[in-house]
Amino acid sequence: MEGAGTSYSNAFRFVAPLQEHLLQGSILDAHCEVLLHRLRGLCDNADTTPETFSDYEAVYQLKNNLATPASQYILLRVRQALDHPEAPHHIRYLGQAEVGDKSRHTLVRACFDVACSSNVRDFLNELGFKLDHEYVARGYFFHKGRMKVMVSKIYRMQQPGKTDQNTLEPITQSHMVELSVVAPMGQDSIGEEMKNFAEQLKPLVVLEKFDHKRLP
Amino acid sequence: MGVTCVYSYPVPDGKSGQAVVEILQRQIELLGALRSGHFCVDCDTFQSILQTSINVQPKTVYILHNSEQPASCFAITDTSLCLTADTLFDGLMHQLKNYYQQRKNAKMEAKGQRYELGDFILKVGSASLAGSFKGIIVEVEYCPCMVAVDCWGLMKELLQSVVGSVADQPPPILKNRQDELYSPSITVSQYLDIFNNFRKLSATNQIGR
């Protein structure tokens, strides 16, 4: 604890801002097996069986009455691993997505990941946040270098807050595929790296940058 | 990490805070405790700027850091709910700036010397509000035990040889949670309680003038 003082803890507090680079796509359930096989071949954890996950995500919204439309609400995503109840809960803030021009291969957005204690839901309610929507995501996780690939199925929860197997209902007949990298600001070479990786998954799945604001 | 008791130590009339801190430090050193660096606990106040109706009280969130848990950040609401998170939570509070704003000149800090004495960690320091001295803080931690009710007797004995009758009772926050498994969030809650008392005192002093 030598030297523990303000300057010491400040060093921890001001971490360079991180950005998430993201490509998304989807694959029909029937062909998911083939994709998983290919990912096992391409990714770093090839010799082991793919890592599975089962997460419950609740999205909380806080509204304000400021005049500018861009800041009328803020969303925080709270994630919790259902298969590892002892793991810390997780708050994620995602900033405004920048789609950019054609020369940029991926969607880029500010990203904050904070691990926290399990009373986070009560805490957000106290702060005035309201639950906006919730879902369960189950699937497989791969990594290649700093790239992260998630193949997951999204389930609607028939009873609010209940994550039992028999109350979950799949939303679609397909799996969502996400390729992402979280890195400090200004690393534009990642886009190229991700594009090249996405090329190798064609034609099974086409990973693209989606402008979420333009979705119907 | 173990059970921790935090007390504010009264400054007698006619003595300066610094002089009392030095007396306490000498007493602790006489017990055989060894200096082991410094400690710092700080507290920022954030207030909601959300006005849904005029009658609604603004909400307050206190963000605390403790040098004993340098990678953690503690956020405590008006209703004493304490969230423990990574230090990145500070960045998240910054993202909420359209909803919660940091109150200016409200930063409280407790800083001072840290000692080790066998299984105990002792800390003596001064608390300040926006840089001006507000009072003295004494903290004692008994590392091998996680349940307050099991070690209060032992802690009381050591505490009383340093601060005397100030430590007749466990700190109010700990008193209600004596059977619980201790966690660092209880320590910062004790600090916040003391900080808020200092704040109230300085507010009433200002009105009295």
At 0.36 nm per residue, minus the direct Cα-Cα distance, what do A:Thr172 and A:Glu86 gain on full extension? Give it in nm, one decimal, please. 28.0 nm
Cysteines without a disulfide-compatible neighbour (Cβ-Cβ under 4.7 Å), chain B: B:Cys5, B:Cys40, B:Cys43, B:Cys73, B:Cys82, B:Cys143
If you roll a 1.4 angstrom probe over the protein chains with everything in place, what fraction of the accessible area of the stretch A:20-202 belongs to carbon and sulfur, to the nearest %? 51 percent
Roughly how far apart, in whole Å, are the Cα centres of the stretch A:110-135 and the stretch B:133-209? 30 Å
Counting only protein heavy atoms and rolling a 1.4 Å probe, how much accessible area do B and A lose on contact, total for both sides, in Å² to 100? 3200 Å²
MRE, 222 nm, helices only [DSSP H, n ≥ 4, -39500 (n - 2.57), over chain B, to nearest 500]: -10000 deg cm²/dmol
Surface accessible to a 1.4 Å probe, A:Leu42 within the full protein complex, Å²: 40 Å²
Less than 17 Å from a label point 7 Å out along the Cα-to-Cβ axis of A:Lys162: which backbone N atoms in the stretch A:111-137 qualify, by residue? A:134-136
Considering only protein heavy atoms, what per residue accessible area in square angstrom results for the stretch A:96-135 with a 1.4 angstrom probe? 49 Å²
Gain on full stretching of the segment that runs from B:Arg103 to B:Gln160 - 0.36 nm per residue minus C-alpha separation: 16.8 nm
Ignoring ligands, DNA and RNA, please state the percent of accessible area on chain B from carbon and sulfur, probe 1.4 Å. 51 percent
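The values are calculated or read from the model by the stated rules, or taken from the named source; none is laboratory data. All values reported here derive from a predicted model rather than from experimental measurement. A quick note on method: Cβ atoms are made from the backbone with ideal geometry, for glycine too, and the neighbour counts reach across all protein chains shown. Calculation scope for accessible area: heavy atoms of the full protein, side chains included, ligands and nucleic acids excluded. Shrake-Rupley method; radii C 1.70, N 1.55, O 1.52, S 1.80 Å.
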